[in-house]
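J.: Following this message is one structure expressed as structure tokens.
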Amino acid sequence: MRRKIIAGNWKMNGTLAETEALIRALVAGASNNDRAQVVICPPFTALETASRLLASSHIALGGQDMSPHEKGAYTGDISAAMLLTVGATYVILGHSERRQYHAESDQLINAKAGQALAAGLTPIICVGETLDEREGGRTETVVGKQLDGTLAGFAADNLKKIIIAYEPVWAIGTGRTATPEMAEAVHCFVRGKLVALDRTAAETVPLLYGGSVNAKNAAGLLSQPNIDGALVGGASLKADEFIAIIKAA
Ligand code: PEP
């Protein structure tokens, strides 16, 4: 039985004052939940503050991206070691906004994931098709190619340590959610791809759904057999909404 994971992606939101207010509300409302692993991913600048405020809770912390390099002359980048040093244990990689606005390729995401795993961070690797691709009947081709590229060369030991988030691009921030059945169909496809790589790892890898998850639709999505959690954007910035999603898990 895979434990549910609810991860909040704050994106470029969260001054220190906002971080403190939101985390205090989350800790009060959800920190004693032990049925789901809750992860929040604030911007880099808020990680240390978040880590301090989460110290005595079960809520874990993640970065929203990281460098594929260990250290050195990469202005503006953040390394795996830097994330670990401020208390992060997860990192989101290959979010569609990184792919779209920073031209991130599957090859680059693969290198980042390798670096994250080597350092001991759990990568949450995002895949998902655009509306054109879905309407053109190419969802499985696109998601399959993203999985082949981002997971290339990973041995079973490493596969067991990753999380995959299926996030259809057309559902992110649009209020348009995949139905539980649509999401489950792609999650089954992803699970099948993992089985082809390593059957044992495939059974344990958590598959999260992301794309306009909210307090109303969470329970339906999370009741699907292959939906092991959610990656939540907008709704993770509202304490009540995010706590309701955690409770639905
Ligand atoms: C996301 O950015 O990962 C996301 C799923 O956003 P939203 O929940 O706002 O659609």
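We did not get these values from a lab; they are worked out from the coordinates using the rules stated. What you see is a predicted model, and the numbers here were worked out from it, not measured in a lab. As a convention, Cβ positions derive from the backbone with ideal geometry for all residues, glycine included, and neighbour counts pool all protein chains shown.
J.: Might you report the magnitude of the Cβ-based charge dipole of the chain about its Cα centre, with Lys and Arg at +1 and Asp and Glu at -1, to the nearest 20 debye? Mind dumping the intermediate values first?
T.: Numbers: 23 positive and 25 negative charges, 96 e Å.
About 460 debye.
J.: What residues qualify as long-range amide H neighbours of LEU93, i.e. H under 5 Å apart, gap of 5 or more or another chain, H built at 1.01 Å from N?
T.: The answer is ILE124, ILE125, CYS126.
J.: Efficiency by 1/(1 + (r/R0)^6): what FRET value for TYR74 and GLU135, r their Cβ-Cβ distance, R0 = 41 Å, to the nearest 0.05?
T.: Working: r = 38 Å, r/R0 = 0.93.
Calculated transfer efficiency: 0.60.
J.: OK, next. Please compute the Cα-Cα pair-distance distribution of the range 70-213 with 10 Å bins starting at 0, giving whole percents from short to long.
T.: 11, 42, 34, 12, 1
J.: Of TYR74, TYR209, TYR101, TYR90, how do they rank once you tally other Cβ atoms within 10 Å and put the fewest first?
T.: Lowest count first: TYR101, TYR74, TYR90, TYR209.
J.: With 10 angstrom as the radius, rank HIS102, HIS95 by how many other C-beta atoms surround their C-beta, starting from the fewest. Present the calculation step by step, with values, prior to reporting the outcome.
T.: Values: HIS102 10, HIS95 27.
Ranked by crowding around the Cβ, least crowded first: HIS102, HIS95.
J.: Residue by residue through the range 136-143, which ³J(HN,Hα) values in whole Hz follow from phi under the Karplus form 6.51 cos²θ - 1.76 cosθ + 1.60 (θ = phi - 60°), with glycine and proline marked x?
T.: Result, ordered by residue: x, x, 10, 3, 5, 4, 5, 5 Hz.
J.: Please report Rg over Rh for the range 120-178, where both radii come from the alpha carbon positions and Rh follows the Kirkwood definition.
T.: Working: Rg = 13.1 Å, Rh = 12.6 Å.
Expressed as Rg/Rh, it is 1.04.
J.: In straight Cα distance, which aspartates and glutamates are under 14 Å from LYS161, not counting same-chain residues fewer than 8 positions off?
T.: Answer for LYS161, where 14 Å is the Cα cut-off: ASP198, GLU203, listed by chain and number.
J.: When the expected Rg is taken as 2.2 N^0.38 Å, what fraction or multiple of it is the alpha-carbon Rg of the range 1-110? The partial results should precede the final answer.
T.: Numbers: Rg = 14.5 Å, N = 110, 2.2 N^0.38 = 13.1 Å.
In units of the globular-protein estimate, the range 1-110 measures up at 1.11.
J.: Which ³J(HN,Hα) values in Hz, rounded to whole numbers, follow from the phi angles of the range 2-12 under the Karplus curve 6.51 cos²θ - 1.76 cosθ + 1.60, where θ = phi - 60° and Gly and Pro get x?
T.: Here the 3J(HN,Hα) series is 8, 6, 6, 10, 10, 10, x, 9, 6, 6, 8 Hz.
J.: Express in whole angstrom the spacing between the alpha-carbon centres of the range 1-52 and the range 187-249.
T.: Answer, in whole Å: 17.
J.: Now for a different question. Quick one: Karplus J couplings for the range 146-158, per residue in order, coefficients 6.51, -1.76, 1.60, θ = phi - 60°, nearest Hz, x for Gly and Pro?
T.: 4, 5, 4, x, 6, 9, 4, x, 7, 6, 3, 4, 7
J.: For the pairs LYS160/LYS238; LYS4/LYS71; LYS71/LYS145; LYS112/LYS160; LYS112/LYS193, flag any whose C-alpha to C-alpha distance is greater than 27 Å. Don't skip to the end; give the middle numbers.
T.: Working: LYS160/LYS238 32 Å; LYS4/LYS71 33 Å; LYS71/LYS145 29 Å; LYS112/LYS160 17 Å; LYS112/LYS193 21 Å.
Pairs exceeding 27 Å: LYS160/LYS238; LYS4/LYS71; LYS71/LYS145.
J.: Ok, one more. Sequence-distant or interchain residues sharing an amide H contact under 5 Å with ASN33, placed H: which?
T.: none
J.: Moving on to the next point. Using the Cα centre as the reference, give the magnitude of the dipole from point charges on the C-beta atoms of the range 160-210 (Lys, Arg: +1; Asp, Glu: -1; all else neutral), rounded to the nearest 20 debye.
T.: Numbers: 6 positive and 5 negative charges, 35 e Å.
Rounded to the nearest 20 debye, it is 160 debye.
J.: For VAL232, list long-range residues whose amide hydrogen, built 1.01 Å from N in the peptide plane, is under 5 Å from its own amide hydrogen.
T.: Amide H neighbours of VAL232, under 5 Å, 5+ apart: ALA7, GLY8, ASN9.
J.: Here's a follow-up. Ranked by Cβ crowding within 10 angstrom, fewest neighbours first, how are ASP77, ASP240, ASP65 ordered? Show your work: numbers first, answer last.
T.: Working: ASP77 14, ASP240 11, ASP65 20.
Going from sparsest to densest Cβ surroundings: ASP240, ASP77, ASP65.
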